[in-house]
Every structure is written in C-alpha cells, then in structure tokens.
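Undergrad: Attaching a single structure in structure tokens format; questions to follow.
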2 protein chains.
Amino acid sequence: MKNYKVTLMYDGSRYDGWQKQGNTENTIQGKIETLLSRLQGEPVEIFGAGRTDAGVHARGQVFHVKLNTGMNAGELKQKLNRYLPEDIAAVRVEEADMRFHSRLNATGKIYEYRIHNSATGNPFLRKYYYQVEEPLNVASMRLAAENLTGTWDFQSFCSSKRSKKSTVRTIYEISLTKEEADLILTFHGNGFLYNMVRILTGTLIEVGLGKRSPESMREILDRKDRAAAGFTAPAQGLCLLEVEYD
Amino acid sequence: MKNYKVTLMYDGSRYDGWQKQGNTENTIQGKIETLLSRLQGEPVEIFGAGRTDAGVHARGQVFHVKLNTGMNAGELKQKLNRYLPEDIAAVRVEEADMRFHSRLNATGKIYEYRIHNSATGNPFLRKYYYQVEEPLNVASMRLAAENLTGTWDFQSFCSSKRSKKSTVRTIYEISLTKEEADLILTFHGNGFLYNMVRILTGTLIEVGLGKRSPESMREILDRKDRAAAGFTAPAQGLCLLEVEYD
C-alpha cells in the first residue's frame, strides 16, 4: 500500500464540481475514482484538499489516495493522463508519507478570480472569467482588500448556515493585478469558508462600481450576517491555484 | 454608405472555417453576414483578409464591409459584440477609405502555431495547441526555420493543386519561443499559400524529432512537390495573429 499526493489542473466548465454527490458521476472526484477503481480492481476513495464548486477551475488542486497496485509515482501519473478526459490533467504525482492527508495537512490556499473588465469579450478566456462592462475603480478595490486582510470572523462572507464550527480565518494577502482587459484578484489565506472567495469578489466588485466604500468592509465583518456582504460572483471566474503544505 | 475595417478575434473550434461555402451557415463569415444583413435589412457581403480553415483561430483577422446604416464605428462595434456568439469578438472597428480592401491592401500577415511539447496536457489551452509528446530539438528547428526564411517558391508547402498563380512568397521571419511546456512558432511573411503555415509547421516538427535535417529544407523547396515536405499540422494549433497594412 502506497499513499500518493497528486496535483491536478482542471477546466471545471462541464463538471458538477469536485465532490461526488449521491448518484451523479459527473464530478472531478467521481471521474478519478472510477478510473482508479478500475485500475485497482476494487473501490478506491480519493481525498481532495478543496471542494471546488460546479464550474470552478483548478491549476493546483491536491488529492491523496492510497493504492495497493504497486505503481510508482511516474506510472500513476502516466495512467491518469492517458485515461482521464482532456479537461483534467495530473501535473505532479509524488509518493507521500502514509500519514499525509491533503486537506488536514494543508496550511494555506491560493485562489485566483479573473474579472474581464470590458464590453468586448475575449473568445479564448470566456469560460474562465466573469465579465464586468462598467469600468472598475481598482484603487478603491485595493483599499477595500486591505481592510479585509488579517484574521477576522468571516461569517458575513459565508453562504452556509450558521454551525458550531469556527468561521474565523486569516487572509494573508489579497492582490489585484491588471492583465490587459482583465483584473485578477489573488486570495492567499490559511483557509476559506464555503463561497467565501466568490462573496469577497462580489463585494469588491461592488466597491469598484462605487456602490460600497472601502471603509465599509469592517462594518460587514462586524455584522456577521451574509446579507451585509455583496453578491456571490459566478463560479467560472474562480480558480484554485495552489494548496500549501509545510 | 460607409466602409468599415473590423478586427476580429475568434475561437475557431466549432466553426467550419472563415469562408461561407454553399449551404453551410456554420462559418465565421456566415455568422457575421447574417447579423449585418439583419441590421441593414438587405443582404450584406463581408470580405476577410485571410480565409482561415475549419478549426483555425484568430486574434487579428480583418474584414471590410460597406453598410448604409449610418452607424459610426463605435455603434457597429457595440452591435457586433452584443449579437455575435461569445466565441467571436470585434476588438476594433474603424471607418476606412471607401477604396480600402482587407485582402488586396494587406502587405503582410503574422500567424502563430502553438505546439504543446509534453506528455501532460494543459486543460485550459487544449483547444489551442497540437500536442507532441516526444521531446523536440528546438535548436535544429531554429536552423531549419532560418533555411526557410526569405523569398522562395513555396509550392512544396502548398496543399492546393498546381495553378497558374505564383507560388512565390517572402517569409520575413520564423521565430520559435518557449512558453512553459509550449513551443510557439511565429510566421511573418508577405502572404501564405493554402495550408502553407501548417505544412511548414509539420515539416519543422519532423526536424525537431530528428526525422529530417535542417539542411534538407532547401531540397524540399527545390523539389516544388507537396510530397517532399512534411505532414500538415492540425488546424487547432494555428492562429492568425495580425494582418498588416501600410
């Protein structure tokens, strides 16, 4: 038995997200488990570091899986890339310590959100951005982003119902980079709540449109109420860039 | 009546190429003519600078069209981007001299061919490259490219049957650039014959794989026979980058 750490890229456009759910096989996890179960001759379960939603992409998703096929890392990488659909690729496969767990051992994550800020679309990137036609005030958005950086209770930026789990997270940095007509928001934190990056993005867009002030971010945090924050930006602009480990 | 010069980007994946052909409306030209004919209330014909094949992409295709709708350039751009499918975008619209002709006035063209030189695919670029798993010798390919630069009879690099038209063209430069796992071939010339860029690319790939020598390029040119050159690289790696005018 070996424990493998696999780093994945995928175009999430045609999938119902990462996580296997009931009968639907149309998830990234489902596709990979079906293939690995076939290779091993018995059911295999894989464990992803981040449960990306339907339509969300990844350049550095990580999962771990225990297999008794005896394959080395290179062989497993080759099998994955030969038999997985073209919109999923294994970019790195390593043999890991038997105790390695992709989600529990993760110390940080980096997400990217791409906003196409133009009335003219880009045919090549159209499935990977959210288009905002009105000009965005990037300076205001940067100020707002600074006000969201640090350790806070992000309950206002979380879609799921109140539970007993902590909603405190630390955002190390939110950077905003222009790339031609695109504005790329990069979120680096120790972890993110359900829909948190998309709600942060929606709120920052509203700041960029002048509907909210950069200073109002602290009030939203204080309210601890989802209704205080902005809209949930669409899934297709979001990409899981990297999962960090010590 | 006004004459407009329109610069287009398109993802050619789902089209039968640029040129309207018989009954098939599934061409870029067909989509645009249908829209403009609707706007004008009578049939409109557009004239493209390059007839890209099925599956070929463009970042800087140019067409001209004469319309009597009285629209200014900004209005036409807006209409095009509002009503065309998401995989076609008008990036620039200018009012041109009434004598301007997109193809006859073109003085040069730049094409790009993207080769993905890796056994691991890239889910985000998979529709825009041709994958070559075996390592390519880029230094040999550069030497071969130099031997193809200049003014030559490129009949060996042309798919169409012999005709009375000249097959002499000038290639100003063929550059090879590495971009992570991709090798990008950029062809700059005064014009290109049917399938010429794809046959040049196929031949250069065969050089990169060690099946041909860089020196053999001159022999291929001398033969003036399609069978002397390499394979026609697939359409999806090709993109019309720019059409040049004085």
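Readers should treat all values here as calculations from the given coordinates under stated rules, not as data from a laboratory. All values derive from a computational prediction rather than experimental measurement. Every residue, glycine as well, gets a Cβ built from its backbone with ideal geometry; the counts of neighbours run over all protein chains shown.
Undergrad: Which of the peptides B:230-239, B:77-86 is most tightly packed, and how do the rest follow, judged by the mean count of other Cβ atoms within 10 Å per residue?
TA: For the peptides B:230-239, B:77-86, the packing ranking is B:230-239, B:77-86.
Undergrad: Name the long-range amide H neighbours of B:Ser160: under 5 Å, sequence gap of 5 or more, or other chain; modelled H, no Pro or chain starts.
TA: B:Tyr194
Undergrad: R0 = 22 Å: FRET efficiency of A:Asn26 with A:Lys66, Cβ-based, nearest 0.05?
TA: 0.35
Undergrad: Nearest 10 degrees is fine. How inclined is helix A:138-148 to the longest principal axis of chain A, computing both from alpha carbons?
TA: Helix A:138-148 sits roughly 70 degrees off the main axis of chain A.
Undergrad: Something else about it: Full extension from B:Arg38 to B:Ala227: what is 0.36 nm times the residue separation minus their Cα-Cα distance, to one decimal in nm?
TA: 63.5 nm
Undergrad: Here's something else I'd like to know. For chain A, what is the calculated [θ] at 222 nm in deg cm²/dmol (nearest 500), taking -39500 (n - 2.57) for each run of four or more DSSP H residues and dividing by its residue count?
TA: My calculation for chain A gives -7000 deg cm²/dmol from helical runs alone.
Undergrad: Take the alpha-carbon positions of the stretch B:2-96, form their convex hull, and give its projected area averaged over all directions (one quarter of the hull surface) in nm².
TA: The number I arrive at for the stretch B:2-96 is 5.3 nm².
Undergrad: A further question on this structure: By how many degrees, 0 to 90 and rounded to 10, does the Cα axis of helix B:28-40 deviate from the longest principal axis of chain B?
TA: With both axes taken from Cα atoms, the answer is about 10 degrees.
Undergrad: Here's a follow-up. If amide hydrogens are placed 1.01 Å from N in the peptide plane, which non-local residues have theirs closer than 5 Å to the one on A:Tyr245?
TA: Result for A:Tyr245 returns A:Thr107.
Undergrad: Excluding A:Arg218 itself, what net charge comes from residues whose Cβ is under 13 Å from its Cβ, given Lys and Arg +1 and Asp and Glu -1?
TA: -2
Undergrad: Within the stretch B:126-234, report the GluC sites (Glu not before Pro) that DSSP leaves as loop and that have at most 12 other Cβ atoms within 10 Å.
TA: B:Glu133, B:Glu180
Undergrad: Further, regarding this structure: For each pair in A:Lys79/A:Lys109; A:Lys5/A:Lys31; B:Lys20/B:Lys161; A:Lys127/B:Lys127; A:Lys20/A:Lys224, compute the distance between the two Cα atoms and list the pairs where it is over 19 Å.
TA: Pairs exceeding the cut-off: A:Lys79/A:Lys109; B:Lys20/B:Lys161; A:Lys20/A:Lys224.
Undergrad: Taking Cα atoms, how many degrees apart are the long axis of helix A:73-83 and the longest axis of chain A, rounded to 10 and kept between 0 and 90?
TA: Helix A:73-83 sits at roughly 80 degrees to that axis.
Undergrad: What is the set of long-range amide H partners of B:Trp152 at a cut-off below 5 Å, with H atoms built 1.01 Å from backbone N?
TA: B:Arg169, B:Ile171
Undergrad: Mind checking the mean number of beta-carbon atoms from other chains within 10 Å of the Cβ atoms in A:89-95?
TA: That average works out to 2.
Undergrad: How many Cβ atoms of partner chains, on average, are near each residue of A:117-128 if near means within 10 Å of its Cβ?
TA: The per-residue average across the peptide is 6.
Undergrad: Expressed as a whole percent, how much of the Cα-Cα distance distribution for the stretch B:123-246 exceeds 18 Å?
TA: I get 50 percent for the Cα pairs in the stretch B:123-246 exceeding 18 Å.
Undergrad: Need one number: nm distance between label points at B:Ser213 and A:Lys164, each 7 Å from Cα along Cα→Cβ, rounded to one decimal.
TA: Output for this residue pair reads 7.9 nm.
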